[in-house]
Amino acid sequence: MSVNRSICPDIYHPAIARDGLLTRLRIPGGVLNESQCLTIASLLESLSLEYIQVTNRANLQLRSLAKDLDRELLIKLADCGLAAGNSAVDGIRNIMTSPTAGIDSQELIDVRPLADAWHEYLTEHPELGVLSSKFSVGFDGGGSVGIVDRPNDITLLAVGDREFSLYLGMSERGDPPLPVGVRLDSDECVPMLAAIAQSYRRGIEVLGGDARRKPRLRDAIGYYGLTGFGAVVQREFGTSKRFIFKNPELERDLGEENGDVAQKLPILSERHLGVHQQRQSDCYYLGVVLPLGRWTGAQVRGVGNIAVRYGSGQIRLTPWQNLIIPDVKAIDLARVQGLINDLSLVTTANHPSSLLRACAGASGCQFGATDTQRDAIALSEYLAANFTLDRPLNIHFSGCDKSCAQHDRADITLWGDERTRSYRLAIGGITDRSEPEPSDLFAPPAVPIAIGNLIAAYHHQRHPQESFQSFTTRQSPAQLHQILHAV
Ligand code: SF4
């Protein structure tokens, strides 16, 4: 196994991080079975690691490895489907699907067969190993738990019972992809993805770049122009269908007219948590909170056992770093809830950990000014001990202003200040990058009290049914300062 000096590791090419080697297991669509859970649990034991971590692409990562995984272990992981059989493409980002694909009572199309077919295409085309490892594809079935707002390079969103809308990511800032005016029949989706991937590969040959900074799909689109890139893709796709890639800003309106789900509904990342009726009669799924995506060996084994005994043996990982146990009968729900609690896990969306996000921070990343993982866990424990939240709160810790863990707005964002190793705090996303005043900074031990003050003020001073966002927006900067710094 060789060490990958790029920033995106895979199981065959771990990356060097501050806390040791970092590697990722590829889990297409985030779907695991019980035997894979057992393999993961024994992997953690053999490596003496406390936990594996679900990522925001619904795959798994191992941190703090002292040495490479040996060949025998790699073969075992590939044999049980935890690594691509083809090491050339294992590093390409995990294929994302709606985590409730096939069980969502509102979905238009079950996208799992498409994700499998795309995974197979990638595995059979090692020449695509030259693509940036950040090349990312998502399939959204148009149901209640959508992923079209996740920052993929390409997303296919179901807009009818056989039709998809093509979305392309063109933003430097990790914004969601936008529709480009192309509608595809289900059986045209994989050929279209193949045509885009092969056109992108040819674009890389023109654009150059090196192993550390390969051109992204958006660079290839920028080089040809959107319509020009569409023409290149058309040549690759063939003439069975004619299409033109159009300006996504115009398509935003078009999407509304045509009823694209993403244009109408805000996607709530906690929607999958708790107990939900499936489209199959007398079947339910349970969304389980994993604090910061951390899943201990005992919990991996325990969840695998629950899934086998009370479900269909399947476990779904989500892009919000949680998991889903599907196919549980109504009669077993209370028992399963109890067993989940026995594993020190919860299913409530209002738990302080349910929407807590933190990047690797100072313990794992050279750019981290603060230990985000440690500080986020400390805050979660403080809030769990002192508050009962009556609605989910999204709190995002970032070790610097790059926001790797969450690109979209959070209710509260804390980011590390390099000079003081303290946190700056913003309601919403990072907007102010100017030099902070000392009074705007919070040393890590002061963060739980400050956030606790804010939540207490919200609970006691809000109008009936007022959202956290509305409450904080109507406070002046001076009022917010006073609340946060109250003793
Ligand atoms: S946000 Fe900054 S500190 Fe956190 S992982 Fe990204 S680069 Fe590293």
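List of remarks:
- SER422 vs. criteria within 16 Å of the ligand (Cβ to nearest atom), at pLDDT 95 or above and more than 21 Å from TYR51 (Cβ to Cβ): yes
- Residue match in the range 343-351 (condition: within 16 Å of the ligand (Cβ to nearest atom) and free of Cβ contacts under 8 Å to residues at least 60 places away in the same chain): no
To keep it simple, each residue is scored yes or no on (1) in contact with a Phe, Trp or Tyr (Cβ under 8 Å, 6 or more places away or on another chain); (2) without any contact (Cβ under 8 Å) to a residue 60 or more places away in the chain; (3) crowded, with 22+ Cβ neighbours inside 10 Å; (4) closer than 23 Å to PHE468 by Cα.
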| residue | (1), (2), (3), (4) |
| --- | --- |
| ARG301 | no, no, no, no |
| GLN337 | no, no, no, no |
| ILE340 | no, yes, no, no |
| SER353 | no, no, yes, yes |
| ARG357 | yes, no, yes, yes |
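- Close pairs from the range 61-78: first small (Gly, Ala, Ser), partner in a strand (DSSP E or B), Cβ under 7 Å, at least 6 apart: SER64/GLY20; ALA66/GLY20
- As a summary of the residue check, SER434 satisfies the conditions (1) away from the ligand (no atom under 15 Å from the Cβ); (2) within 29 Å of ARG150 (Cβ to Cβ); (3) modelled with pLDDT under 90 except for the one numbered (2).
- Search result, residues across the range 367-413 that are more than 16 Å from the ligand (Cβ to nearest atom), assigned to a helix (DSSP H, G or I) and closer than 17 Å to ILE427 by Cα: LEU379
- When residues of the range 354-366 are limited to those that are hydrophobic (A, V, I, L, M, F, W, C) and more than 23 Å from ASP390 (Cα to Cα), the one farthest from the ligand (Cβ to nearest atom): ALA362
The values are calculated or read from the model by the stated rules, or taken from the named source; none is laboratory data. In this text the structure is predicted, and so the values were computed from the model without any measurement. With ideal geometry, Cβ positions are generated from the backbone for all residues, glycine too; neighbour counts draw on all protein chains shown.
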